[in-house]
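Remarks on the structure that follows.
FYI, it's all coordinate maths here, none of it is from the lab. Just so it is clear, the structure is predicted and the values come from calculations on it, not from any experiment. With ideal geometry, Cβ positions are generated from the backbone for all residues, glycine too; neighbour counts draw on all protein chains shown.
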Amino acid sequence: MPTKILHKEKLIPGRTSKLVLDAPQIASTAKPGHFVILRVDEHGERFPLTIADTDPVNGTISIVYLVLGRSTQLLEELEEGQEILDVCGPLGRATVIEKFPAPKKVICVGGGTGVAAMHHIAKGHHNAGNYVIACIGARNKDLLLFHKELSLFCDEVLVSTDDGSFGQKGIVTDLVRARLDSEGENIAEVVGVGPVPMMQAVAELTRGYGVKTTVSLNSLMVDGLGMCGACRVTVGGEMKFTCVDGPEFDGHLVDFAELRSRLASFRAEEKIEAENHRCHCFEKKEG
Ligand code: FES
């Protein structure tokens, strides 16, 4: 249904934005892990975005997106007060959140715009009474997302930047490894949300420690209903659909090589489409 943008915040100008949407029905039922599928206008394609936060009292949800292909460029062109043609959700399976008694802790790892989705999951663990350590990483301090928001409820927020401009110099898996070494068996679960190489690195790291690891996959989606097969992934040797079986899976069972290959071919198509879109706009302006 048409959904009004109540608030827009450019988190990283020209690159990443956050929208607060007037979506009371979704806000009243969405749980951590759920996502929505959007269609910006009647010519636009359907694409998924994970819900970064909900406010059931005020009837709003927050979504965060990286301006990458044509669809997110169209979304970025909308301003406060305008409407998105269709926002459908909540979709997918909610995060399975276990209550781990002290001194057990949960590490939530986020990279890129995945930090926004991780924020919702981390909040779910916090609300369940778990001790939450958030680990977030970026290339530099200007690209860090949700540091302030996570600091409001997480027990600890650890930061890494590639260039050392904020937090520890290095990559986010360095932070996780250090905690796994120092905390030993107190780490009950690691949750990873972000670029596929990051989630794969987290899963490979935690495998050696035997720690339960959950990743949230960002597969290509079309219908979001388990009918088209676009979002298929292999988990534990079985075919799964990210939209209805996920988006969260056991990170130690995901075939990341297959996922990376499918996403790479999709991005090549997206780039061509974005180029075509730009050319078309240019022609219209010239005419
Ligand atoms: S998006 Fe079509 S099966 Fe998942």
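Descriptive notes on the structure:
- Matching strands (runs of 3 or more DSSP E) fully within segment 165-250 where at least 3 residues are surrounded by 21 or more Cβ atoms within 10 Å (Cβ to Cβ): 187-193, 212-216
- Just one of the numbered conditions (1) within 16 Å of the ligand (Cβ to nearest atom); (2) surrounded by fewer than 20 Cβ atoms within 10 Å (Cβ to Cβ); (3) closer than 23 Å to VAL96 by Cβ is not true of PHE153: (1).
- Residues that are surrounded by 14 or more Cβ atoms within 10 Å (Cβ to Cβ) and either without any contact (Cβ under 8 Å) to a residue 24 or more places away in the chain or of a type in the set (Val, Ile, Thr) (or both), drawn from segment 40-64: VAL40, LEU49, THR50, ILE51, THR54, THR60, ILE61, ILE63, VAL64
- Taking every residue in segment 1-30 that is in contact (Cβ under 8 Å) with a residue 40 or more places away in the chain and pairing it with any residue that is surrounded by fewer than 16 Cβ atoms within 10 Å (Cβ to Cβ) and assigned to a helix (DSSP H, G or I), at least 6 positions away or on another chain, the pairs with Cβ-Cβ distances below 8 Å are ILE12/ASP142.
- Where a residue in segment 223-240 is free of Cβ contacts under 8 Å to residues at least 12 places away in the same chain and its partner, wherever it lies, is near the ligand (Cβ under 10 Å from one of its atoms) and of a type in the set (S, T, N, Q), with Cβ under 8 Å and at least six apart: ALA230/SER219
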